[in-house]
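Heads up: the structure comes next, in structure tokens.
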Amino acid sequence: MKTLYITRGGSNVLVNSDDNSANRVEPSKNAVGYVYKITEPTHVVYGCGEYHKQVDAEKGDIIVCFYHATFINEIIVVKNKEWFDNLEEFEKKEQEEKERWAEANSK
């Protein structure tokens, strides 16, 4: 069995317990331009000029737009509760930080 050890700011290692090998793993590069949380059923139209891709998304979905026009899928719908919850948590923490900063700098 293989186990991927991911560390923050460190080396990522893939360990194979079958043959006792370990190899460094580089993260995949991404080309994500935008990520949108969908909070209610939504019809999404993506593109410009004559090109438009359309997808339907449900509450709790995530729309991921890639910035490179030659990708097979420039826009995808992700159905992943954990990612959606993390986006919600990030927005909550970001808002709390803004409020703390505003309060600290209003005096």
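The values are calculated or read from the model by the stated rules, or taken from the named source; none is laboratory data. Since we're looking at a predicted model, the values are computed, not measured. A quick note on method: Cβ atoms are made from the backbone with ideal geometry, for glycine too, and the neighbour counts reach across all protein chains shown.
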* To do: For residue 60, state whether it is closer than 30 Å to residue 5 by Cβ, of a type in the set (Gly, Ala, Ser) and surrounded by 11 or more Cβ atoms within 10 Å (Cβ to Cβ).
  => no
* Of the residues that make up the stretch 85-93, is at least one among the aliphatic types (A, V, I, L, M) and touching a His at 6+ places or on another chain (Cβ under 6 Å)? -> no
* To do: Among what's in the stretch 28-57 and is among the hydroxyl-bearing types (Ser, Thr, Tyr) and surrounded by 13 or more Cβ atoms within 10 Å (Cβ to Cβ), pick the residue that is modelled with the lowest pLDDT.
  => 46
* Working only within the stretch 69-89, note down all residues that are assigned to a loop (DSSP other than H, G, I, E, B) and surrounded by 14 or more Cβ atoms within 10 Å (Cβ to Cβ). => 74
* Asked: Do the conditions hold for residue 25, that is, is it of a type in the set (A, V, I, L, M) and either surrounded by 12 or more Cβ atoms within 10 Å (Cβ to Cβ) or out of contact with any strand residue (DSSP E or B) (no Cβ under 9 Å at 6 or more places or on another chain) (or both)?
  -> yes
